[in-house]
Each structure stands twice: as C-alpha cells, then as structure tokens.
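Visitor: Below is the structure I would like to discuss, written out as structure tokens.
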Amino acid sequence: MAASSSRERIAISIKDHFQRLTVGCGDASCLSPHCASSQQFRHSQLGGNKNSLALLAVELAKSDTEVCGNASLVRQTSSNSGKRSVSPPIVLESSGGGSGGGGESRSSVGSVSEGAAMAMMDINDSEVGAAAAVAFAPTPNREVLGMQTVESHNSSAMNENQSESVRLNQPQQPLPSPPPIDEVFNEATLRRMSGQPDKQPLIRLLSSVFTSPERTVEAFRPSHGVDDDGVHEKHESELSEKNAADALARIDVHCVHTLTRLIPYEKSVMDPLCGSVNFLCRQVRLELSDHPRPLHLCVAAVLFEFSVLFDPNNMETVVPSICMLAGRLPTEHQAALIHFWCRHKTVEDLRMLLLVLMQLLTLRCLLMENEAGEESERSLNEDAVICDVCRVIKLVYYASGLLGDVDSRQALAREREKTETFLASLNALYDRTNLPDRRRQGHQLWKPDPLAEQLCFRRPADCIRPAIPDEEFINDTLNELMSVDRDYNFFLESDRSPTLANRQRDEMPPFSFLNHPFLLTTFTKSVALYLDSRIRMFRERRGALLQSLMLHSDHNMYLRINVRRANIVQDALLTLEMVGLESPGDLKKQLVIEFEGEQGIDEGGLSKEFFQLIIEQIFNPDYGMFSLNQRTQSFWFYPGSEDCEREFVLVGMLLGLAIYNNIILDVRFPTVLYKKLTGKLGAFHDLKGSHPELAQGMQQLLEYDGDSFEDIFGCFSISFQDAFGSTLNHELKPDGANIPVTKENRQEFVDLYSDFLLNGMIEKQFNAFCKGFHLVIDNSLLLQLFAPTEIELLVCGSKTYNFHELQKYTQYDGGYTENSPIIAHFWKLVHTMSDVDKRLLLEFVTGSDRVPLGGMKKMKFIIARQGPDTDRLPTAHTCFNVLLLPEYSSYDKLQDRLLKAIANSKGFGML
C-alpha cells in the first residue's frame, strides 16, 4: 500500500509539471522557470515538443521541484464523494495521425507519443519509472483534457473551473522564438561566463545547448554562409535527412574542442551539464525508435568530442547515456561515426576513450557480481549499461583497425573470389553425398558482420596491424565473471531475427559477448568452442540413433577409426577418405580410436596417442610432404609434393579433428598457415615467421640505396628446388627473365615473390590441406572467434611450462594429500628433472607433452595412491590425467621407478 501511495503521489506530480510546461498556471506574474505562463520560462526552445516536455516533467518530479501556482487547475477535489482526487490522465498520441478513431477529437495539450511513454519505463529509479508509466497511461476518454469531468460541490468553484476550462481550450499565444544558438553560444560568450563568479548564466547557456538534437547540432556547426552560386546553404536537418556523411562533415570539430576547453571543471557546472546531456540522450533514443535520422548521428559525434564528459568522475553519470545513444544507432550510422573518428581522433584519443569504457565495463561487472546473489538468475548479458558499453567498444575496435594497416582493396577482392570458389567446391562435395536434409546447409567460413561490410572490409582479420593492440581490448574482469554456457545460449538466440512485436516494442536482440570476441581471452573462447563442438557431437549422435530406430539399419554414433600401429598412416587415410567421400557429416561425430589387437577403450587417451604417432610419421622429412626450417623449427609444404593430395587432405582432417575433439598436437606450422586457413592470403609481412632469412634479404632490397640493382638483385625470375633436389625456374610476371629489378619496381618484385612463395607455389597442396580441414570445422565457431595466432595456440597449446603452478593446482586421491611424504618426494624430484624429462612426465600422465590454453592451472592433474611400497612401476590413466603412484619407501626408489616408467611408456597396458 505504501508503495502504491508513493507511486500515485509521484504520478500526480508528473502530471502537474507536465501541465505547467505545456499550458502554464494562468498567472502572468508567475516566477517559476518551469511554467509556460512565466516570463522566465526556461524551456521555450523546446518549441512545445510533447516528448521532450514529458521527459522533463519526469525529471522535475524526480528532483522534487516545487509546482507553481494553484494546483486546483489540474487537481480538483469533490467533497461529496470523499475520495482522493486524481489528476486527469495525459492522453497518448499515437503515430497514426492527429485524430482518434470514430471521429473523436483529441486535445493537443498534454499528448505525448507512445515512444515517450515507453521511455519512462527505462528510468533507473523503478518507483519513478512506474509512476511515469501511470501518469502517461492511455485512457479511453480522449477528450478529458478538453473538458472538466469532476462535479464541483459549490457554484463558485464550478464557475471558476468553467472559466478556467474555457481559458485552457482557447488557442495559446505562440512563444517567442529563441535567438539562434550561434549568437549566444560562442567562444567569446563562453569565455566571459566562465570567468564570472556566478556560474548560473553559464549553466543556463549549457542547458539550452543540450535541450534538443537540433539545437545541439546547430551549436557546433560552422557559421551560416553562402555557396559559390550565392544560394544559402541548406539547413542542417534538411541535409542530414539525405546523407549521414554530409551531415557529419558540417560539424565544426575545432569549435567543439575549443569550447570544451573553456568549460570550468567544477561540480556546480558539471552536474547540471551531465543532467542536460542525459536528458538529451533519452530524447534522442525516443526518436531513434520511431525514425532514426543522421541528425541523431551528429548528436552522438558531438558528445564523443566533448572530452570533458568522459572524465573518470563522470563514468557512472553521463557515459552510460552516451553509450546507450551510440549503441542503438543504425549500422550505417555507426560506420559513419567510425569514419568520423578516424578523421578527427588521434590514436591516443581513441586509447583514452577505450580506457574510460573499459573502466566502466569493469566497474559494472563488479557491481553486478556484488548485487547478484548466488541464487540470482540475472547475467551480465542482461545489464543494459554493460551491453551498451560493449557495443561502443566495438566501434573503437573497428576504428583502431581502420587507423592501422589494412589489406588493400585488390587483396580483399582476390581473397573474396578464392573464398567463394572454395565454398562452392565444398558445397558441391556435400551435394554428391547421401546426407539427410537436416545436414544439407550452406557453408560459410564465418558469420558476416554488417558493420564490417559497411566499413568495406569483411572482418577484423583484414587488419594487418591495428592502431591499438588487440590485447588492450580484452577485459579480464568480464572473462572471469561471465557465464560462457549462458552466453552461448544468448549467442544462438541473437542469430534469430527479432519478431515484429519485438521491433514494435523497441527491444534489442539478445546480447552475446561471443559476438564481441575481441573482449574475450583465448581461453574463454576455447571454452565456448568446446561447448559448441560437444553440442554438435550430441546432435549427430542423436540423429544416428533416430535413423537406426526408424530405418532399422546400423548407424554408428561415433567416428570410429581402427588402425594398426605398424601401418597407422595408411589405415587412417583409408578410413577418413571413405568418410569424406561418402558421409562427410560423420566427421562431426565424436572421435573414437581403436588400436587393432589392443584392449584399450578410448576415453580420450587413445586419441591423444593416435595423433602423436601419426603426426610423427607424416611430418618426417623422409615422407616427402613437409620440409623443416632448421632456424624456426617449423614445417612448410614441399614445392614438388603435388602427388600427395590424398595425404594432404588427411593432414587437414587431422588438424580439424584435433581442434574439434579438443586435442593438442605437437605440430609446428608458421602462423601464416593458420592465417591462410581463415581465408586470407600470405603476404610479405608474413615471410618473417615462415622464411626469416628470405624476409631479411627482401627488407635489405627495399632499403638499398645503391644504383647497381641489376647486378645485385637480378630480374623478375627466381629458381627453387623441389622435394627431389631438382632446380626449377619461375617467372614472377610475363617475360620476367628480361625485366630487371630497379628502385622503381622493387616493391612489386617483393610482393610478387612473397605471393608466389606463400600462395602460388604451394596452391595445390594447400587447397587439399584446407579442404580436409574445413570438412571438419565448417560452420563452427572457430573462424568466428579466433585470430590466426589463437588457432595456433588451440592446435599446439601453450609454450609455457610452469611446474610450480601445476603443483599448486594438482588434486590428490586414494588417501594422498599435499602433505604426504611421498608427494613431497614426488615434487622434489619433478623440480630437479631436466626439461626433456618433464615433458616425458606430462606425456606419460596426460598423453601429450603440450600445455593447454590457460596454462598448467587449467590442466587437470591427479595423483592417486596405488597401494603400499612395491617394486612395480607407476602407471597412468591418460584418458583422465591420473598418475597411479605406489607409496614408495624412499626418494631414491621413487626416482628410479618413475624415470623408468616415463622412458618406456609407449602402448596401452604397460606395467
């Protein structure tokens, strides 16, 4: 009851304020600046805009501003009924026109749009928001403001009400137009007002600037002038309706910066300024929901240039409102804002903006964590401020990419053509198979990003070197507190188009951090990828089970590969080749390895051993598929290995299966290979990682100042050796043998040489490799979330070995604790081992000597007791990362038994 009474009181106050703002109190001598009857009325610049006045009424009621004059004009009592009087409801004005159905007339006084009423529900104060919703609730009686409906208990009151009703229904005298904003808001005026002790004139001036979008943009555009033909320039609002870029071009950024520096940073000035900006942002949001215009984009651009608003002290007051505005702009307007930043902001400006946004994001995450109890179902995805801030960080991220080094349009067009050709061949392969309809779907390497396409590049990977390193966009607090599984559900929902009803309610689609992967660590993204892969595996398993039941046929629910250790490459090649040709969808099933003649059941350990054994053979230089660079210790395709197409498809499948089944491989490729797997082409800047000696020579060529180019650097023809040692020649361009390298064409020579080495020379081998890889991971989250360097980490694991960290996170079972004597001996021995023995220990217990993403603290490592003292060797369950360690009687005996075990650990069932 108390809450209801409070809500009713606030609703009455809102109605009273709205009545004063629209029609006044009738007293010409009124001194209230919030009354339309007063000569000191402060809000004449709103021009009677009911949406703006409705929002202002809520703000005045929320701040307990006193209502002027006689309240009986809007709130009347009836002593006969004895009931509490209620102010007449304020009629909602639909967007359909000026009259209601059935020919009913509608009062123009006190009518606001449905969008304005919706905005009241977004007010942070829930009590005020609910009261506002009541105050602006629709009513069946559309003429209640045009007539009095409450009976009076005496004739004098009735006569007074009737005369007042007649006065209210009479046409109002138009308010005088405010002077042009550029006549009162300029450098001279601002400098004079800032130097005065009394800051009220300055506060009123600043408040007048941010009362409406039109007035805000008008304040920061160049002075009106005449063009070359003597025709006056068009008004900003007319121009902004046609072209967002033209509208932004008319913002005087220098003026914004100059005037910003003149504003004194004092609490008495900043608090009203932030309040005015908050009011403006809410007003623009209302208009965005009805009809977004480039004018709204200009408001956002001006606010982001108002650096004083982004001071850390304003982080929680005004920055969320600005982010709300920018985050809800149409995609084409967001792209225009990014281009505007690239023209007018330095890298340091962007970095400072990013810093404030990241601090706000961290703060909101911590507040959400503190407010949400353990039983709370609210997640970070449902906090409006967090979502809006992340959307703006995305704009900064793309601006950083555009300000950095981006691939040329020619390179992007070439990559797009190759990608389309590759996807067409992949779809053709699926069309030739017997896949059921549920698994026939169009394939794509990644989900298109409308904002990236507006910026004329496909995705962030098209940026070679961003202006701000990607690491600065990762928010550790967000990664620590977010729920990946819940966010994954939001990610799936966000792919669905919002319904018409949702669009009418101005609801944003579900927000997912997976659509903003630049905020996430590689480990967080790997958890999402693991979840996505497991769901796909369960889906395939369920489909196979249903087919078995319905068709009465035997459908394997797993991808089973039966191999002989002595012939592991050929057995795996034959099985995977048959699956790829007949039913490539089976590659999405969970992998199960069976070694012929052995009793092992694959719970993960046999798969790890399978990959280790087959990788060792395939990458043996004697096999003739890959060559080893001794300096980088990485593998690359042999130029003359075109005849191994089947084997390259197999290697691509193995790489994809390892990622899909969350298995780390001991395989070393240069980063450019993973870049090519994402649809990119190798270029000169990639040579440093794959061919460092050649890259160094190319750089010397580009920096050479001498004149004897022909004698030193030759012509546009190169020679190389194939896998059999034969020397082959290749012309980089037609008649290249007769075209010398000169200062003028040396960049072309370097680009052509790099392109041939990384793309053309290995095209056939790589296409086969890429085909096998994408048969497994197509339509997964891999290329959507991970950069090439992160894919390399997924495949190879971390290169940091920290056994002290492993000791800290190890679990114990079977009676052992971290204080057991044998455990103390074990870790003493481990810390004295050589690096080779430490890697052997990891391989013995986990099946791999690689460290997973996130470091050793993310590795599940268990030491369990296997009986009392004995002469038997320790054993391990590699499927579960469990070391079975007898309770040896001495340190020396432990050392002898453990070192023998890890040195002879090949095969299943070794005791």
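No lab work stands behind these numbers, since they all come straight from the coordinates. Since we're looking at a predicted model, the values are computed, not measured. No Cβ is skipped: glycine too gets one built from the backbone with ideal geometry, and neighbour counts run over all protein chains shown.
Visitor: For the stretch 529-795, what is Rg from Cα atoms divided by 2.2 N^0.38 Å, rounded to two decimals? Before the final figure, lay out each step's value.
Guide: Working: Rg = 21.9 Å, N = 267, 2.2 N^0.38 = 18.4 Å.
Taking N as the residue count of the stretch 529-795, the ratio is 1.19.
Visitor: Could you work out how far apart the two model spin labels at Phe880 and Arg378 are, taking each label as a point 7 Å from the Cα in the direction of the beta carbon, and quote it in nm?
Guide: It is 4.1 nm.
Visitor: In nm, give the distance between the simple-model label positions of Gln410 and Glu818, each being 7 Å from the Cα along the Cα-to-Cβ direction.
Guide: The answer from the label model is 6.1 nm.
Visitor: In addition: Restricting to bridges with both residues inside the stretch 529-795, how much of the DSSP beta-bridge set is antiparallel, in percent to the nearest 5?
Guide: Numbers: 10 of 15 bridges.
Antiparallel: roughly 65 percent of the beta bridges in the stretch 529-795.
Visitor: Right, next: Would you mind putting 335-348, 828-841 in packing order, based on average other-beta-carbon counts within 10 Å, highest first? Please report the intermediate quantities before stating the final value.
Guide: Details: 335-348: 18.1, 828-841: 14.3.
Descending mean neighbour count gives 335-348, 828-841.
Visitor: Then there's this: Which loop-located trypsin sites (Lys or Arg not before Pro) does the stretch 563-633 contain, where loop means any DSSP state but H, G, I, E or B and the Cβ has at most 13 other Cβ atoms within 10 Å?
Guide: Details: sites: Arg564, Arg565, Lys588, Lys589, Lys608, Arg631; in loops: Arg564, Lys589, Arg631.
The qualifying sites are Arg564, Arg631.
Visitor: Oh, and also: For the pair Leu899/Leu531, report the inter-label distance in nm, with labels modelled 7 Å from Cα in the Cβ direction.
Guide: The modelled label-to-label distance comes out at 4.6 nm.
Visitor: Quick one: net charge of Gln699's neighbours, Cβ under 12 Å, K/R +1, D/E -1? Walk me through the intermediate numbers first.
Guide: On the way: positive: Lys688, Arg746; negative: Glu693, Glu703.
Net charge in that neighbourhood comes out at 0.
Visitor: Using Cβ counts within 10 Å as a stand-in for footprinting exposure, how do Leu60, Leu545 rank, fewest first? Could the numbers behind the result be given before it?
Guide: Values: Leu60 20, Leu545 12.
So the ranking, lowest neighbour count to highest, is Leu545, Leu60.
Visitor: In addition: Mind ordering 353-363, 733-743 by average Cβ neighbours within 10 Å, highest first?
Guide: On the way: 353-363: 18.8, 733-743: 13.6.
Final packing ranking: 353-363, 733-743.
Visitor: Order these by the 10 Å Cβ neighbour count, fewest first: Ile561, Ile263. Walk me through the numbers on the way to the answer.
Guide: Numbers: Ile561 23, Ile263 18.
Ranked by crowding around the Cβ, least crowded first: Ile263, Ile561.
Visitor: Now for a separate question. Computed FRET efficiency, Cβ-Cβ of Ser29 and Asp311, R0 41 Å: what is it to the nearest 0.05? Present the calculation step by step, with values, prior to reporting the outcome.
Guide: On the way: r = 42 Å, r/R0 = 1.02.
The pair Ser29/Asp311 has a calculated efficiency of 0.45.
Visitor: Local charge sum around Tyr265 (other residues, Cβ-Cβ under 14 Å, Lys/Arg +1, Asp/Glu -1)?
Guide: Working: positive: Lys199, Arg261, Lys267; negative: Glu266, Asp271, Asp311.
Result for the neighbourhood of Tyr265: 0.
Visitor: May I ask you to order 12-18, 197-203 by the average number of other C-beta atoms within 10 Å around their residues, highest value first?
Guide: Numbers: 12-18: 24.7, 197-203: 13.6.
By packing density, highest mean first, the sequence is 12-18, 197-203.
Visitor: Follow-up question, since we're still on this one. Among Ser29, Ser44, rank each residue by its count of other Cβ atoms within 10 Å, from fewest to most, as a rough exposure measure.
Guide: Numbers: Ser29 7, Ser44 14.
Ascending Cβ contact count within 10 Å gives the list Ser29, Ser44.
Visitor: Given a Förster radius of 41 Å and the C-beta distance between Ala428 and Ser483 as r, what FRET efficiency does 1/(1 + (r/R0)^6) yield to the nearest 0.05?
Guide: Details: r = 40 Å, r/R0 = 0.98.
Taking R0 as 41 Å, the efficiency between Ala428 and Ser483 is 0.55.
Visitor: If you don't mind, another one. Which chymotrypsin sites (Phe, Trp or Tyr not before Pro) does the stretch 842-896 hold that lie in a coil by DSSP with at most 14 other beta carbons within 10 Å?
Guide: Values: sites: Phe844, Phe861, Phe880, Tyr888, Tyr891; in loops: Phe861, Phe880, Tyr888.
Answer in residue order: Phe880.
Visitor: In whole Å, what are the extents of the stretch 800-903 along the principal axes defined by its C-alpha atoms, from largest to smallest?
Guide: Largest to smallest, the principal-axis extents are 36, 26, 24 Å.
Visitor: Within 12 Å, Cβ to Cβ, of Val845, how many net charges do the neighbouring residues add up to if Lys/Arg are +1 and Asp/Glu are -1?
Guide: With Lys, Arg at +1 and Asp, Glu at -1, the net is +2.
Visitor: Do any GluC sites (Glu not before Pro) in the stretch 659-763 lie in a loop, going by DSSP, with at most 16 other beta-carbon atoms within 10 Å of their beta carbon, and if so which? Can you show the working numbers first?
Guide: Details: sites: Glu693, Glu703, Glu710, Glu731, Glu744, Glu748, Glu763; in loops: Glu744.
Those that pass, being in a loop and sparsely packed, are Glu744.
Visitor: On to the next question. Given a Förster distance of 30 Å, report the FRET efficiency between Ser548 and His804 from their Cβ-Cβ distance, rounded to the nearest 0.05.
Guide: Working: r = 50 Å, r/R0 = 1.68.
The formula returns an efficiency of 0.05 here.
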